[in-house]
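Comments concern the structure below.
Only the coordinates and a few stated rules stand behind these numbers; no lab work does. All values derive from a computational prediction rather than experimental measurement. Cβ placement follows ideal geometry from the backbone for every residue including glycine, while neighbour counts extend to all protein chains displayed.
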Amino acid sequence: MTSAVADVHVEAKGSLQVKPGPILLMGAPGVGKGTQAKELVAKWGIPQISTGDLLRYNRDHGTPLGLKAKAIMAEGHLVPDELVNAMVAERLKQPDTANGYILDGFPRTLGQAKWLDEHIGAGPDGPGRKGGGGALPVIAVSITVGYNELLRRITGRRICPVCGTIYNIYLQPPKVDEKCDLDGTPLVRRSDDTEEVFRERMRTYESQTAPVVEHYRALGRFEEVDGAQAVSAVAAGVEAAVERLRSSGTKAAGTETKTK
Ligand code: AMP
């Protein structure tokens, strides 16, 4: 199936006073969505659903979806909404989404956002009732980082192909050059983590995804977190934002708080 990806079962380490429900983790390429999503997974035991990871899995396994997505991803452009939406719909049917999930890198266009709002009932008319998430409304946390810092993060990013641990040769280098601290596997670089493709991904982000951030800001249930801090500080900011947004219930449209 298109969304088949090796599921990693993670025991929750933390306690959240409220059910996490559906959480959107938003931000430009390189802000640390994947890293922060993994922190939330470890803390709350809900799955991370990364459309980038699902698409890479399909691309690397040569599925029909992967064959369609390959060239588009290599250029830093977006895979068409209908393909990505269908992949997410399939993933949301899985029972591990019942108490909540983290959407990482989705929605990335207003078309995807409208589809999601309708699909899980996340819009202003009411909390989600389809597709898991514990019938709670979507909350959105946007991580912000400046352009030059993003470029450094993207070009320095290295990933362990076995366990998925993410490193950065400038900011969080492995103990031994280019080898994973956990299993010693040689680290790899994502093929789209070059400066040229980064610039194109940023153009795509500004034109197509920045309006999605504004969409959720206007709906309320939205916070921004400064991503230019240590990973643990960003994680604390994201977790605090989620706890506040969940415990404050549905806020009036247009209200927001900012964690800086
Ligand atoms: P990411 O790992 O989130 O940076 O995604 C890598 C690439 O996958 C992007 O540059 C896009 O080509 C594609 N992609 C990921 N998520 C989406 C999405 N929600 N909509 C369209 N394309 C996506």
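What is the residue count in the stretch 98-115 for residues that are in contact with a strand residue (DSSP E or B) (Cβ under 8 Å, 6 or more places away or on another chain), more than 21 Å from LEU67 (Cβ to Cβ) and either without any contact (Cβ under 8 Å) to a residue 60 or more places away in the chain or within 10 Å of the ligand (Cβ to nearest atom) (or both)?
The first filter runs over the stretch 98-115 and keeps only residues in contact with a strand residue (DSSP E or B) (Cβ under 8 Å, 6 or more places away or on another chain), leaving 99-107.
Checking the rest, the ones that are also more than 21 Å from LEU67 (Cβ to Cβ) come to 99-104, 107.
When the remaining residues are screened for being either without any contact (Cβ under 8 Å) to a residue 60 or more places away in the chain or within 10 Å of the ligand (Cβ to nearest atom) (or both), the result is 103-104, 107.
Number satisfying all stated conditions: 3.
The residue of the stretch 146-205 that is farthest from ARG59 (Cα to Cα), among those that are in a strand (DSSP E or B) and touching a Pro at 6+ places or on another chain (Cβ under 9 Å), is LYS179. Consider the stretch 50-94 and keep the residues that are within 11 Å of the ligand (Cβ to nearest atom) and not in a helix (DSSP H, G or I). The one that is nearest to PHE198 (Cα to Cα) is GLY76.
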